[in-house]
Amino acid sequence: MSHITAQDRARIAAKVGVNKDYLYQCMTGRGAMSPAEAVRIEFESEKELCRWHLRPNDWHYIWPELIGAAGAPEVASPYERRHGDRRHGPFERRKGARRATDRKDKGPVGLVQESCHAA
C-alpha cells in the first residue's frame, strides 16, 4: 500500500472530509475514488496522499503525465500488466516452448481432416 499509518489515514480523512474506511478501501484498490476527488484530496492533504495512493490500480491511465514523477510508483509495460511476466516479451519463446508449427503433422489442431459429407 503506502507509508501512511492507520492514525495518519484517520487524521487525513477527517481533514479532507471523507470516511476513513472509504479512504482505506481506495488506497488498497478495493474502492474507486473519482479522479476529481483524488485530485482534491491530494491538494487538501498537501500531497501527504497522492493520486497514485488513491487510485493504485489505474492512476497511470488517468494521469499518464505523472508516470516517472518524483515519488510515483513504477508502472509495468502493457505486456507485463497483462501477463505479469517481466522476463519474456510478447515475441520471445520460453525455453522448451513449442509453437503449433513445430508439430510434425503441420495440420490444424482439433479439426477433422476428412470431409463431413459422404462421397
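Only the coordinates and a few stated rules stand behind these numbers; no lab work does. Just so you know, these numbers come straight off a predicted model, no measurement behind them.
Give the stretch 1-33 a look and list any residue that's of a type in the set (Ser, Thr, Tyr) and more than 22 Å from Glu74 (Cα to Cα), or say none. Once the filter is applied, which keeps residues that are of a type in the set (Ser, Thr, Tyr) and more than 22 Å from Glu74 (Cα to Cα), the stretch 1-33 yields only Tyr22.
Residues in the stretch 2-59 that are of a type in the set (S, T, N, Q) and assigned to a helix (DSSP H, G or I): how many? Even if it seems obvious, please write down each step before you answer.
The initial filter retains those residues of the stretch 2-59 that are of a type in the set (S, T, N, Q), namely 2, 5, 7, 19, 25, 28, 34, 45, 57.
Now drop any that are not assigned to a helix (DSSP H, G or I), which leaves 7, 25.
Adding up the residues that qualify gives 2.
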